Amino acid sequence: MTDLLVIGYGNDLRSDDGAGRAVADALAERNLLGVEVRSMSQLTPELTLEITGRATVVFVDADVDATEIRVRQVAAGPPGDGVMTHHGDPATLLTLTATIGPVPDDAIVISIPATNLEMGFEFSPPTAHAVEQAIDFIIELAQR
């Protein structure tokens, strides 16, 4: 088990919504030492088994409310509106993780701006730029 787990998630068939998975896929190709990567359509309760015991977990997702890349800490908390169904959230997943083992010391959410959610594979320019920023941030984090 590595210290750093990156979970990129979203719908890669809907343009900008696939940004989280694009970050995860790019990092997986780099095969960074000490970093495990998961590219998912959505967050699922089964991920708790992979999160527990890690030092750091990074969640990467597209966000229609973001106008630029946002990096923030997240902690276990009360279930969000999705309660780990179709639209689970990192805080709820961390809460579930605490029921089976230690929660990571550091949990980070990277929100990537999304403006185009139409069917397609191309990112809008702000999303493409934020994807590169997220990749750079995670590489720097892994090198600490």
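Just to be sure before I move on: is A75 surrounded by fewer than 23 Cβ atoms within 10 Å (Cβ to Cβ) and within 13 Å of P104 (Cα to Cα) in the structure I sent? Explain how you work it out, then say what you get.
Working: surrounded by fewer than 23 Cβ atoms within 10 Å (Cβ to Cβ): yes; within 13 Å of P104 (Cα to Cα): yes.
Taking the combined requirement at face value, the residue satisfies it.
Go through segment 32-71 residue by residue and tally those that are more than 17 Å from T95 (Cα to Cα) and either among the acidic types (D, E) or without any contact (Cβ under 8 Å) to a residue 12 or more places away in the chain (or both). I'd like the intermediate steps shown before the answer.
Step one: filter segment 32-71 for residues more than 17 Å from T95 (Cα to Cα), giving 32-41, 60-71.
This time we only want the ones that are either among the acidic types (D, E) or without any contact (Cβ under 8 Å) to a residue 12 or more places away in the chain (or both), so: 36, 61, 63, 65, 68.
Final tally of qualifying residues: 5.
Report yes if some residue within segment 109-123 is modelled with pLDDT of 95 or more, of a type outside the set (G, A, S) and under 17 Å from L4 (Cα atoms); otherwise report no.
Within segment 109-123, one or more residues are modelled with pLDDT of 95 or more, of a type outside the set (G, A, S) and under 17 Å from L4 (Cα atoms).
Going by the structure shown, is V103 surrounded by 15 or more Cβ atoms within 10 Å (Cβ to Cβ), of a type outside the set (F, W, Y), under 22 Å from L4 (Cβ atoms) and modelled with pLDDT of 95 or more?
Working: surrounded by 15 or more Cβ atoms within 10 Å (Cβ to Cβ): yes; of a type outside the set (F, W, Y): yes; under 22 Å from L4 (Cβ atoms): yes; modelled with pLDDT of 95 or more: no.
Considered against the rule, which asks whether it is surrounded by 15 or more Cβ atoms within 10 Å (Cβ to Cβ), of a type outside the set (F, W, Y), under 22 Å from L4 (Cβ atoms) and modelled with pLDDT of 95 or more, V103 comes out as no.
Looking at segment 12-35, can you tell me whether even one residue there is closer than 22 Å to P113 by Cα, among the hydroxyl-bearing types (S, T, Y) and in contact with a Lys or Arg (Cβ under 8 Å, 6 or more places away or on another chain)?
Checked segment 12-35: no residue is closer than 22 Å to P113 by Cα, among the hydroxyl-bearing types (S, T, Y) and in contact with a Lys or Arg (Cβ under 8 Å, 6 or more places away or on another chain).
Looking at segment 125-144, which of its residues are surrounded by 18 or more Cβ atoms within 10 Å (Cβ to Cβ) and polar (S, T, N, Q)?
Across segment 125-144, the qualifying residue is only T127.
The values are calculated or read from the model by the stated rules, or taken from the named source; none is laboratory data. Owing to the predicted nature of the structure, the values given are computational and were not obtained by experimental measurement. Quick reminder, even Gly has a Cβ in these numbers, built from the backbone with ideal geometry, and neighbours come from all protein chains shown.
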